[in-house]
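Shown next, in structure tokens, is the structure this report addresses.
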Amino acid sequence: MADGLIHPYSDMEGIWVRGSFHGHCSENSRCASVPLSESVSWYSDLGVGFVTLTDHDCVTDLEPMRKSYPKLTFLEGFEYSSRENVLFAGPHVEPLYELSLEEALHSASDLLTVVCHPRPHADGMDYWTRPMLEELGVWPDGIEVYNGHYGTPSATRGGRWPLYAEFWDELLTAGHRLWGYANDDFHSKEDFSNAFNMVLVKEKTPLAITQAAKAGRCYASTGLLLSQFSETNGRIQVETSEPCEGVFVGPDGVELQKTQGHQFDYTVGREDYVRFEGNGEAGRIFLQPMWTS
């Protein structure tokens, strides 16, 4: 049995804020169909805590939105798109897309960096691979474990695939400590807010949200929420907002324990890492990995 696990949930004080780190507007992304002001109005009506704009190779000016929606927190960003895509987000973002991806990542130590839709095709065709990520020379903070834009009915009919937990486990098993994020990758009304992150912060500022997300003080969701979490001497206890099929996953994606309900309990043994995910009528949830050393 593990003496205690290394994980980002040891301090659960603060407030949970909801938002996506991946989104586009029609003004600056040709693939998007909704103007910025309209989408921000939708997010505001939904009651999210923060909104991030990551247009393709463009840092969208959010100052007009900040003035119109003072209760919303806005993160700047862009989606590096001249090769396999990576998100860059934070309080203030320079046009790092003008650099090579390797140079951009080396220059982005204060920003949140996330690998986008690393396995976007249902047939398993390569996009991002582990060797490709290892060759970058600097690791992003994490990967999208779920991308809502590729999970819409029209996307899946076209051969897209939104779920990348299998690739996450491949990277984790190889010893790469990466966080998992879920984003709606907003383009149109069809994918609006169908995936998001809950981020634990002491204050709702762009800097606090960025730092918490980089440290893994968050979880990924498509609707299912975390009600309670505790870990003591390797014993993990999770309670979800709604019933689901809860799975504790270990190296190589092995299902260590699978049960139905909304309260889940697992004591870690010799596994290098353990993570929890759930899937039910309310949606999916992915907690961050917990390591034994």
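Throughout, read-outs are computed from the coordinates displayed, never taken from laboratory work. Given the structure is predicted, the values throughout are model-derived calculations rather than measurements. Neighbour counts run over all protein chains shown; Cβ positions are idealised from the backbone, glycine included.
Taking neighbour Cβ counts within 10 Å as the exposure measure, how do Ile209, Ile143 sort from fewest upward?
Least to most surrounded, the residues fall as Ile143, Ile209.
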Whole-Hz ³J(HN,Hα) from phi, Karplus 6.51 cos²θ - 1.76 cosθ + 1.60, for segment 261-274, glycine and proline x: x, 10, 10, 9, 9, 8, 9, 6, x, 9, 5, 5, 8, 9
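Computed over the Cα atoms, what is the radius of gyration of the chain divided by 2.2 N^0.38 Å, N being its residue count? List each step's numbers first, then the result.
Numbers: Rg = 18.1 Å, N = 293, 2.2 N^0.38 = 19.0 Å.
Here the Cα radius of gyration is 0.95 times the empirical estimate.
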Order these by the 10 Å Cβ neighbour count, fewest first: Leu172, Leu226, Leu75. Leu226, Leu172, Leu75
Taking the Cα centre of segment 15-222 as origin, work out the dipole magnitude from +1 charges on Lys and Arg Cβ and -1 charges on Asp and Glu Cβ, in debye rounded to 20. 780
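State whether segment 123-254 is rounded, prolate or oblate according to the following rule on the C-alpha gyration tensor (a ≥ b ≥ c being the square roots of its eigenvalues): a/c under 1.5 gives rounded; otherwise a/b larger than b/c gives prolate, and the remaining case gives oblate. If you can, show how the numbers build up before the last one.
Working: a/c = 1.32, a/b = 1.12, b/c = 1.17.
Rounded shape, in that the Cα axes give a/c under 1.5.
Taking 8 Å as the Cα distance limit and 6 or more residues as the minimum spacing, I'd like the relative contact order of segment 76-147 as a percentage.
Working: 95 pairs, mean separation 21.4, N = 72.
Computed over segment 76-147, the figure is 30 percent.
Charges at C-beta only: +1 for Lys and Arg, -1 for Asp and Glu. How large is the resulting dipole of segment 206-259 about its Cα centre, in Debye rounded to 20? Kindly include the intermediate steps, with their values, before the conclusion.
Working: 4 positive and 6 negative charges, 53 e Å.
In debye, rounded to 20, segment 206-259 gives about 260.
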Which number gives the lysine pairs in the chain that have C-alpha atoms under 29 Å apart and are eight or more places apart or on different chains? 13
Got the relative contact order for segment 15-222 handy, in percent, Cα pairs under 8 Å and 6 or more residues apart? 23
Along segment 36-42, what does the Karplus equation 6.51 cos²θ - 1.76 cosθ + 1.60 (θ = phi - 60°) give for ³J(HN,Hα), rounded to whole Hz, x for Gly and Pro? 4, 4, 6, 5, 5, 4, 4
Principal axis lengths of segment 1-160 from Cα atoms, whole Å, largest first? 48, 42, 35
Mean Cα-pair separation over length for segment 194-239, i.e. relative contact order, pairs under 8 Å, 6 or more apart, %: 34
Tell me, in nm to one decimal, what length is gained between Asp252 and Glu38 on full extension, where the rule is 0.36 nm per residue of separation less the Cα-Cα distance? 72.8 nm
If I histogram all Cα-Cα distances within segment 206-281 using bins 10 Å wide from 0, what percent of pairs lands in each bin? 18, 46, 31, 6
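Tell me, rounded to the nearest percent, the portion of alpha carbon pairs in segment 76-138 spaced more than 18 Å apart.
Values: 662 of 1953 pairs.
Summing the P(r) tail past 18 Å for segment 76-138 gives 34 percent.
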Translational diffusion coefficient (Stokes-Einstein; Kirkwood radius from C-alpha pairs) of segment 111-157 at 4 °C, 1.567 mPa s, in µm²/s: 109
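Among 277-284, 193-200, how do they line up from the highest to the lowest mean number of other beta-carbon atoms within 10 Å? Show your work: numbers first, answer last.
Working: 277-284: 19.4, 193-200: 23.6.
Going by the mean number of other Cβ atoms within 10 Å, highest first, we get 193-200, 277-284.
Among Asp141, Asp252, Asp185, Asp61, rank each residue by its count of other Cβ atoms within 10 Å, from fewest to most, as a rough exposure measure. Present the calculation step by step, with values, prior to reporting the outcome.
Working: Asp141 22, Asp252 9, Asp185 31, Asp61 13.
Fewest to most other Cβ atoms nearby, the residues stand as Asp252, Asp61, Asp141, Asp185.
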Alpha carbon Rg of segment 127-192, scaled by the compact-globule rule 2.2 N^0.38 Å: 1.23
